[in-house]
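Scroll down for the structure; my scribbles are underneath it.
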Amino acid sequence: MMKKNNMRAYLVSAPAMIFIGLIVIFPIIYTFFISFTNMNTYHWFNYDFVGLKNYQNALLVFDSGFLNAILYTVLWTAVNMIMQLIIAFVIASFLNIEGLKLRRLYKTLLMFPWAMPGYISILIWKTGMFNSSFGLLNQWLGTSIRWLSSDLGATICCTVVNLWLALPFMIMIMDGGLKSIDKSLYESATIDGAGCIRKAVSITIPCLKPIIGPAVVITVFTTFKTFDVIYLLTQQVGSQTGARIHTIITYTYENAFITNNYGYSSAISIIIFILLILFYEMTNRRSKLC
């Protein structure tokens, strides 16, 4: 009877497992296989195995662009995460001020960037705000600055747009976390003479840590894998701005679909995959220790 039930369970779950294997496991295995070849436009079917050459080119050749891309990605992720946490904490704290009027309206407006499709939001920022001829930013300042033409300017603009897209999620998590904190803790701290900063350091932040921890991990993964913001603002085919900034994902995309070096881009993809797994394991181990 038990064997029959086990067999029935396997039969019921088989379609789902096959589907997962086709769309998740097979692409990973095939990408891993391609990373050991010189597959490109000229060697589509008659590719040769090159061993670890693609990995060596990525990790050991300093002018390959990979190390610069990985460094830029780490800095991009760190800066965006720090700014998201600080800004979201400040806004969520203001939303939880007692007696605040129109609280629901403010929350609705803050969620608006999250409700809009990211593709549309990014292009609106590019053409409506940062355009050197008719962008609102230049009209307000009375200038004709090409905001996206330099690496530094493009990085700042991309950071602003990424914050616009990502902040609503972090604000929502922070707001929920602040509402879950027992108000009696603040009342006791007030009686003891603690100020706002002392309350935030001793009560608010420690109570928020276990709540926002998973959200931070998710946001780190999402920010690390950012593609749409940087590509659409600076590298979209036919509307390049001149900035040469690359996250690891845009660098992989360029090697795969612009230069058509599929073997090299597959090796980079596997390296990214390993880095994300290592980051997850480190985070998971740290959370268990805490």
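Of all residues being loosely packed, with under 11 Cβ neighbours inside 10 Å and under 29 Å from the mean Cα position of the chain (by Cα) in the stretch 95-108, which is modelled with the lowest pLDDT? Just the residue, please.
Only one residue tops the list, namely ARG104.
What's the number of the only condition in (1) touching a Phe, Trp or Tyr at 6+ places or on another chain (Cβ under 9 Å); (2) exposed (fewer than 15 other Cβ atoms within 10 Å of the Cβ); (3) of a type outside the set (Val, Ile, Thr) that GLN235 fails to meet?
(2)
Within the stretch 21-44, is there a residue that is in contact (Cβ under 8 Å) with a residue 40 or more places away in the chain and within 30 Å of LEU208 (Cβ to Cβ)?
no
Quick one: count up the residues across the stretch 190-212 that are among the basic types (Lys, Arg), touching a Phe, Trp or Tyr at 6+ places or on another chain (Cβ under 7 Å) and modelled with pLDDT of 80 or more.
0
Which of the numbered conditions does ARG104 fail, given that it passes all the others? Conditions: (1) over 14 Å from LEU167 (Cα atoms); (2) touching a residue at least 24 places away in the same chain (Cβ under 8 Å).
(2)
Restricting to the stretch 191-236, name every residue that is of a type in the set (Ser, Thr, Tyr), closer than 30 Å to ASN131 by Cα and assigned to a helix (DSSP H, G or I).
THR219, THR222, THR223, TYR231, THR234
With THR204, THR226 as the choices, which residue is closer than 17 Å to VAL90 by Cβ, in contact with a helix residue (DSSP H, G or I) (Cβ under 9 Å, 6 or more places away or on another chain) and of a type outside the set (Asp, Glu)?
THR204
The values are calculated or read from the model by the stated rules, or taken from the named source; none is laboratory data. Note that the structure is predicted; figures quoted are calculated from it, not measured. Reconstructed Cβ throughout: ideal geometry from the backbone, glycine too, with neighbour counts over all protein chains shown.
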